[in-house]
Amino acid sequence: MREPEVAKSAGFCFGVRRAVDLVYAEAANADVPVYTYGPIIHNEQVVKDLENRGVIVISDLEELRGMPSGKIVIRSHGISRAEYRTLKESGHEVLDATCPFVQKIHRLAEEHSRNGEVILIAGNPKHPEVQGIIGWTQGEVYTIQSAEDIACLPDLRSGKVCLLAQTTFNYKKFQELVEIIEKKGYDIIVLNTICNATGERQAEARRIAGRSEAMIVIGDRHSSNTQKLFEICKEECENTYFIQTSSEMDYQKLEYVNSVGITAGASTPNNIIEEVSKNVRNEL
C-alpha cells in the first residue's frame, strides 16, 4: 500500500479556527467566567477540553439569568436577530465569533425578505446555522433539501423568490435543486452562499475518494459538513469509513488495501487527523 493521501483542505476552516482560538484565548486570560452559546464547534474533544479550562456551555438563554457576569461567545454558526438582542441585553459582554460568510447570509436574508421576497434556504432546518438565518428573515421562509421538499412548496409564482444556501450545503445537490426550481417559472434570484472552503473541501474529497480503495472521513457525528463529506466520498468509494477519533477505526480492515484517502470536517483538530494518518501508515 502506498502512502495515505490526506486532503490538503482537511480540518479547521477559517471560521471555526477563528472561533476556537478566541475561546481558548479568553479561557487563558479572562478574569471573569467565559460562556459559549452552544458548543463552540461540533467536536466533543475540543468542547470537553475547553470545559476543563473553565468554559461553560450555555444551551438556553434562560440559563444566563442569575449567572455570574462574564463573557459569552457566539459560535461560528451564528444566531438569530432576537437571540442577539437578548444577549446584548443580558449584562454579559458579547464576543461575536459568527463566521463572516454566515454573517453575509444574515444580511442577504434580511435585505431580500425586507423587500418582500420569499426566502428559500437550501439546508437542514434543524441545523443551528439555518435556524439562525431564518431568524434574520421577515415574512415567508422555507427550507429545502430535496426535490420532494420543493414539490411540497406552495405556488410562489405570484411574487419574487430568493434562494440562499447553508454554507456547508452539498454543492452538487444545490445545483440540482436550482435546476428543479428554475423549471417552476418563479421570478427567482439564486445566491450561491456555499462557503468557498466548503466547495473546495467537497471537490477535493470527491477526487481523492475516486482514486482510493478506502476512504476515511473524520469528524463529529453532529457535524453537518462532515456528514456531507461522508456522503460524497461514499458515492465514489464503497469502502468509506466515518470516524470521530482514531480509536474508532479498525485499521486491520486496511490490511489488503493498496490506497487510502483521508479527509476531515471543518471542526476536526489537526492532531486527530495526524493520529489517523500515522496509524494508517503503521498498517503499510
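The values are calculated or read from the model by the stated rules, or taken from the named source; none is laboratory data. These numbers were taken from a predicted model, which means no experiment stands behind them. Reconstructed Cβ throughout: ideal geometry from the backbone, glycine too, with neighbour counts over all protein chains shown. Quick note on the areas: whole protein, heavy atoms, side chains included, nothing else; ligands and nucleic acids left out. Shrake-Rupley method; radii C 1.70, N 1.55, O 1.52, S 1.80 Å.
Structure values in brief
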| read-out | value |
| --- | --- |
| Region 200-224, residues that are more than 16 Å from residue 276 (Cβ to Cβ), modelled with pLDDT of 90 or more and of a type outside the set (D, E, K, R) | 202, 203, 210 |
| Every pair of residues 6+ apart whose Cβ atoms lie under 6 Å, when the first sits in region 159-188 and is more than 17 Å from residue 105 (Cα to Cα) and open to solvent by less than 80 Å² (accessible area, probe 1.4 Å) while the second is at pLDDT 95 or above and assigned to a helix (DSSP H, G or I) | 180/147; 180/150 |
| Which numbered condition residue 21 fails, given (1) open to solvent by less than 80 Å² (accessible area, probe 1.4 Å); (2) assigned to a helix (DSSP H, G or I); (3) of a type outside the set (Lys, Arg) | (1) |
| Candidate set: region 165-214, residues that are out of contact with any Asp or Glu (no Cβ under 9 Å at 6 or more places or on another chain) and among the polar types (S, T, N, Q); chosen: the one farthest from residue 120 (Cα to Cα) | 202 |
| Every residue from region 146-158 that is assigned to a loop (DSSP other than H, G, I, E, B) and open to solvent by less than 50 Å² (accessible area, probe 1.4 Å) | 146, 153, 156 |
| Positions within region 203-225 being more than 18 Å from the chain's Cα centre (by Cα) and open to solvent by less than 10 Å² (accessible area, probe 1.4 Å), in sequence order | 208, 209, 214, 215, 216 |
| Residue identified as open to solvent by 60 Å² or more (accessible area, probe 1.4 Å) and charged (D, E, K, R) among 228, 234 | 234 |
| Which numbered condition residue 103 fails, given (1) open to solvent by less than 70 Å² (accessible area, probe 1.4 Å); (2) in a helix (DSSP H, G or I); (3) polar (S, T, N, Q); (4) within 22 Å of residue 220 (Cβ to Cβ) | (4) |
| Top-ranked residue in region 61-86 [being open to solvent by 50 Å² or more (accessible area, probe 1.4 Å) and of a type in the set (A, V, I, L, M); ranked as modelled with the highest pLDDT] | 82 |
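For (1) modelled with pLDDT of 95 or more; (2) open to solvent by 60 Å² or more (accessible area, probe 1.4 Å); (3) in contact with a strand residue (DSSP E or B) (Cβ under 9 Å, 6 or more places away or on another chain); (4) closer than 26 Å to residue 65 by Cβ, each residue gets a yes or a no:
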site: 88; (1), (2), (3), (4): no, yes, yes, yes
site: 94; (1), (2), (3), (4): yes, no, yes, yes
site: 97; (1), (2), (3), (4): yes, no, yes, yes
site: 109; (1), (2), (3), (4): yes, no, yes, no
site: 114; (1), (2), (3), (4): yes, yes, no, no
site: 118; (1), (2), (3), (4): yes, no, yes, no
site: 122; (1), (2), (3), (4): yes, no, yes, no
site: 127; (1), (2), (3), (4): no, no, no, no
site: 130; (1), (2), (3), (4): yes, no, yes, no
